[in-house]
Amino acid sequence: MRHVLAAASALALMAGGAYAKELNIYNWGNYTNPKLIEKFEAETGIKVTITDYDSNDTALAKVKAGGHGFDIVVPTHTYVPIWISEGLLAETRPDQMENFKNMDAKWVDVDWDPGRHYTVPWQWGTTGVVVNTKYYSGDINTSAIFLDPPEELRGKINVVPEMGDVMVMAIMYAGGEPCTDDKEVLKKVHETLLNAKQHWLGMDYGNLEKFAKEDLWAGVNWNGSTFRMRLQNEAIAYGYPKEGYPLWMDSVAVLKDANNMDEAKAFQNFVMDPENAALISEFARYANGISGSEAFMPEDMMTAPEIVIPEELKAAGKFNGTCAPETQALYTRIWTDLQK
């Protein structure tokens, strides 16, 4: 790995500062710290281009269609087995890379990539509810915020259009378990979602500014994104639904048809360095899965209510697995109805 980086840097310098190598990253929007990329480029001589996507389904469809030109993608854990089974990922063996020693042991032998033969952690977190407490003072640790909305919040709710997260929250609210195929539970979920939607303002991504400026007052959101909202508006709070909420991890994977394979592997190794992992968290405000990174992170992340899950609500959070295709098809039918 080191000789790849050294050679890339040397070639860049020989070209009078022009980049001799490149890397094309396909990642979630507003999720990559520019400082991280600047550091990687400076240390390796590799020019990075980032293209954004807004959902796991969007990313998967784009890459499956071919002709994308990307080297790296950052899927959520439930999608990693799909990417692997579709033959879309390169088995880069992060477990044999120099910085693998820094990975927190609990993230090594994960269900979605046992032993880490394909992926390395990017960030992990929770999906819960966001509420502006200026407009609502009741209990926010419940999915009723968006599934049976209080009068005060109706018409000011946004639900992120990420099917996996929303379906899991609705299923657990209905008393079911993630990946259930129980028809009675799913019938209740279907009815609950359709009834609730009339009280939502929208189903959109990228709402940080809208919440900060109070155009939106409540909704489904991710913890780090809500943390960033609160830094702009102290009335914003994050709730952990007691009925159940998803835990998730996004990981850096290399595409099998990557044009810049060595550069992509170098990036995987790079983000497993504690200082670099801390840069990822500093920007998007999620935990990262790399031991020792805490020493380099902003102090406010150590006590932030969006990061530190209340003890009494920890058990309600679950990593759901990749659902069986026939079960996923049932969820897609419900989701399609919800989009109408």
In segment 199-249, what count of residues is obtained for those that are among the hydrophobic types (A, V, I, L, M, F, W, C) and modelled with pLDDT under 95? 1
In segment 242-299, the residues that are of a type outside the set (D, E, K, R), part of a helix (DSSP H, G or I) and more than 25 Å from LYS314 (Cα to Cα): MET261, ALA264, ALA266, PHE267, GLN268, ASN269, PHE270, VAL271, PRO274, ASN276, LEU279, PHE296
The one condition GLU234 fails out of (1) free of Cβ contacts under 8 Å to residues at least 12 places away in the same chain; (2) touching a His at 6+ places or on another chain (Cβ under 8 Å) is (2)
Show the residue pairs meeting these rules: Cβ distance below 6 Å; 6+ apart or different chains; first residue within segment 21-33 and of a type in the set (Ser, Thr, Tyr); second residue surrounded by 20 or more Cβ atoms within 10 Å (Cβ to Cβ). TYR26/PHE70; TYR26/VAL73; TYR31/ALA284
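Per-residue answers, yes or no, for (1) at pLDDT below 95; (2) within 27 Å of LYS188 (Cα to Cα); (3) out of contact with any strand residue (DSSP E or B) (no Cβ under 8 Å at 6 or more places or on another chain); (4) of a type in the set (Gly, Ala, Ser):
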{"site": "VAL110", "(1), (2), (3), (4)": "no, no, no, no"}
{"site": "ASN141", "(1), (2), (3), (4)": "no, yes, no, no"}
{"site": "LYS156", "(1), (2), (3), (4)": "no, yes, no, no"}
{"site": "GLY164", "(1), (2), (3), (4)": "yes, yes, no, yes"}
{"site": "TYR173", "(1), (2), (3), (4)": "no, yes, yes, no"}
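Given the structure, is ILE290 among the hydrophobic types (A, V, I, L, M, F, W, C), over 27 Å from PRO161 (Cβ atoms) and in the same structural domain as PRO75 (by TED's automatic domain parsing)? It would help to see each step written out before you state the result.
On the way: among the hydrophobic types (A, V, I, L, M, F, W, C): yes; over 27 Å from PRO161 (Cβ atoms): yes; in the same structural domain as PRO75 (by TED's automatic domain parsing): yes.
So ILE290 passes the test.
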Residues (acidic (Asp, Glu), outside any helix (DSSP H, G or I) and farther than 13 Å from GLY292 by Cβ) located in segment 89-111: GLU91, ASP109, ASP111
Considering segment 1-52 alone, what residues qualify as being among the aromatic types (Phe, Trp, Tyr) and modelled with pLDDT of 95 or more? TYR26, TRP28, TYR31, PHE40
Taking segment 136-186, which residues are among the aromatic types (Phe, Trp, Tyr) and either open to solvent by less than 10 Å² (accessible area, probe 1.4 Å) or free of Cβ contacts under 8 Å to residues at least 24 places away in the same chain (or both)? PHE146
Considering only residues that are in a strand (DSSP E or B) and either open to solvent by 30 Å² or more (accessible area, probe 1.4 Å) or hydrophobic (A, V, I, L, M, F, W, C) (or both), which ones fall in segment 118-135? VAL120, TRP122, TRP124, VAL129, VAL130, VAL131
Search segment 300-340 for residues being of a type in the set (Gly, Ala, Ser) and not in a loop (DSSP other than H, G, I, E, B), and hand back the single one that is farthest from LYS35 (Cα to Cα). ALA329
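The values are calculated or read from the model by the stated rules, or taken from the named source; none is laboratory data. None of these values were measured; they are calculated from a predicted model. Reconstructed Cβ throughout: ideal geometry from the backbone, glycine too, with neighbour counts over all protein chains shown. Side chains included, ligands, DNA and RNA excluded: accessible areas come from the protein's heavy atoms. Shrake-Rupley method; radii C 1.70, N 1.55, O 1.52, S 1.80 Å.
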